[in-house]
Amino acid sequence: MTLGFDYIGDALAVDGVSLADLAGEYGTPLYVYSAEVMRHNYRRIERAFAGADVMIAYSVKSNSNLAVLKVLKDLGAGFDIVSGGELIRTQRVGIPGERVIFAGVGKTEKEISDALDAGVSEFNVESEAEAERINAVAAARGERAPVAIRINPNIDAKTHKYITTGKRENKFGISMGRALELAGRTRTDLPNLDLIGIHCHIGSQILDSSIHPRVVEAVVDFARKVMDKTGQPLKTLNFGGGFGIAYEKGQTPLDLQPFADALLPRLAELKVKLLLEPGRSIAGPAGVLLTRVEYIKKGEERTFAIVDAAMTELLRPTLYEAHHEILPVHRNDRETGRMDVVGPVCETGDFLALDREGAIPHQGDLLAVMDAGAYGFVMSSTYNARPRPAEILIDGGKALLARRRETHEDLLRAEDEVFAAN
């Protein structure tokens with residue numbers, strides 16, 4: 001069972017707070033997060049790399065709710081952003097720029113300028129064209145921009161094809177040979193770039209503990225070549241994140257110890273700071289999506305549990321064929337069978353689970369979609385004119401409304417004024 005979520009008697013609770021009571025007060029669909037689980041997951045990473053000078057930069061894209069960011073800020077986390085909007089979110093919570101890393105393959109001139117205004121600690125550079133743009137923006141301001149070159153080491157993360165990022169065919173990073181040439185250019189025709197680090201992130205939801213030690217060897221070897229070519233020391237090595245969590249029964253989270261054992265001695269040799277960018281491993285197990293059964297439909301081929309949550313609330317099963325355990329909020333001894341848990345959106349691809357074995361729920365029952373704290377609400381949409389759900393943060397046994405439920409008026413607001421004017 002996911003830490004923080006357990007049954008009290010026959011009723012599922014989070015940190016002692018009844019999920020049924022939360023659904024009754026705030027309605028469904030509903031996202032519920034545990035601040036204490038996030039703290040536990042952050043400290044697990046902190047302990048694994050305790051021997052290093054390390055900044056654990058939480059990946060804002062995994063869950064960008066302001067209340068969640070505040071929990072991580074108070075732990076002393078850094079923050080990994082991939083857009084100007086995420087920069088604004090970190091600023092709204094009062095996170096200083098020196099605790100922010102700007103990643104992403106498509107930074108605009110305005111985003112670069114705004115990040116320089118904010119004093120971000122470094123830009124992860126994904127291409128030669130991006131390096132040239134950052135150099136030009138910094139030159140126009142009379143500044144030097146701190147950058148880390150993201151390398152693509154062509155290492156297979158053995159994960160879903162949509163979340164692998166370290167192979168030659170992926171859009172992320174720069175091949176080793178071209179990256180070394182780019183490093184040399186920072187000493188010649190890109191003088192407004194201050195090359196301070198090397199970055200590498202090969203994919204998400206990695207469960208094979210043998211992969212990260214291979215990345216360590218590739219990055220350290222490349223870092224030495226860069227320092228030889230430029231004649232300058234580096235300040236940071238950034239290994240991204242990708243630490244897998246246990247979505248399915250029988251899985252275990254990524255064991256961080258082999259990674260730490262391979263990495264810590266090399267960091268000491270190079271005298272550099274370690275940067276990590278975990279997101280899912282912190283927020284994923286800390287959240288659930290609550291949904292209520294609207295109908296049970298017995299079809300010719302299978303049984304459908306039609307619920308009020310959909311691909312608009314949780315896209316991962318449709319997009320990634322991802323597995324999330326689905327638990328009854330109230331345990332029961334009803335007959336078991338195989339069913340599809342589907343939403344009301346008008347798409348065959350709208351499902352939360354397919355051909356899942358379990359107790360067949362009744363109309364009105366509450367279900368909890370587990371491990372939904374990362375890449376859940378942040379990927380939600382208003383397709384079919386569906387307002388997005390509320391988000392609740394449980395902290396110290398108390399429920400905080402972290403985002404109110406949208407209304408149809410919210411959805412219409414950006415159009416109403418111009419529609420009326422026309």
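Every read-out reported here was derived from the displayed coordinates using simple, explicitly stated rules and does not represent laboratory data. Being a predicted model, the structure only gives us computed values, none of them experimental. In this analysis, Cβ positions are derived from the backbone assuming ideal geometry, glycine residues included, and neighbour counts consider all displayed protein chains.
Excluding same-chain neighbours fewer than eight residues apart, the aspartates and glutamates reachable from LYS273 by a Cα-Cα span under 13 Å are ASP53, GLU122.
Estimated from the Cβ-Cβ distance and a Förster radius of 41 angstrom, the FRET efficiency linking ASP74 and ASP228 is about 0.50.
Of the complete DSSP H runs in the chain, those spanning 18 angstrom or more by Cα along the long axis with a mean Kyte-Doolittle score not below -0.5 are 128-141, 211-230, 257-270, 408-421. Of the trypsin sites (Lys or Arg not before Pro) found in region 304-365, those that fall in a DSSP loop while having at most 16 other beta-carbon atoms within 10 Å are ARG331, ARG334. What residue among TYR33, TYR375, TYR58 has the largest mean-square fluctuation in a Gaussian network model of the chain, using Cα springs under 10 Å? Among TYR33, TYR375, TYR58, the largest mean-square fluctuation in the Gaussian network model of the chain belongs to TYR375. Using a cutoff of 8 angstrom between alpha carbon atoms and counting only pairs six or more residues apart, the relative contact order for region 185-268 works out to 40 percent.
Result for the chain in a Gaussian network model with C-alpha springs under 10 Å: among GLY397, GLY284, GLY250, the largest mean-square fluctuation is at GLY250.
In deg cm²/dmol and to the nearest 500, what is the mean residue ellipticity at 222 nm of the chain if only DSSP H runs of at least 4 residues count, each as -39500 (n - 2.57), divided by the residue total? That calculation yields -9500 deg cm²/dmol at 222 nm. Charge dipole of region 104-276 (Cα centre as origin; +1 on each Lys and Arg Cβ, -1 on each Asp and Glu Cβ, all else neutral): 200 debye, rounded to the nearest 20.
Each Cα pair under 8 Å and six or more residues apart adds its sequence gap; the mean of these over the residue count of the chain is a relative contact order of 19 percent. For the pair region 307-357 and region 28-72, the centres of their Cα atoms are 26 angstrom apart.
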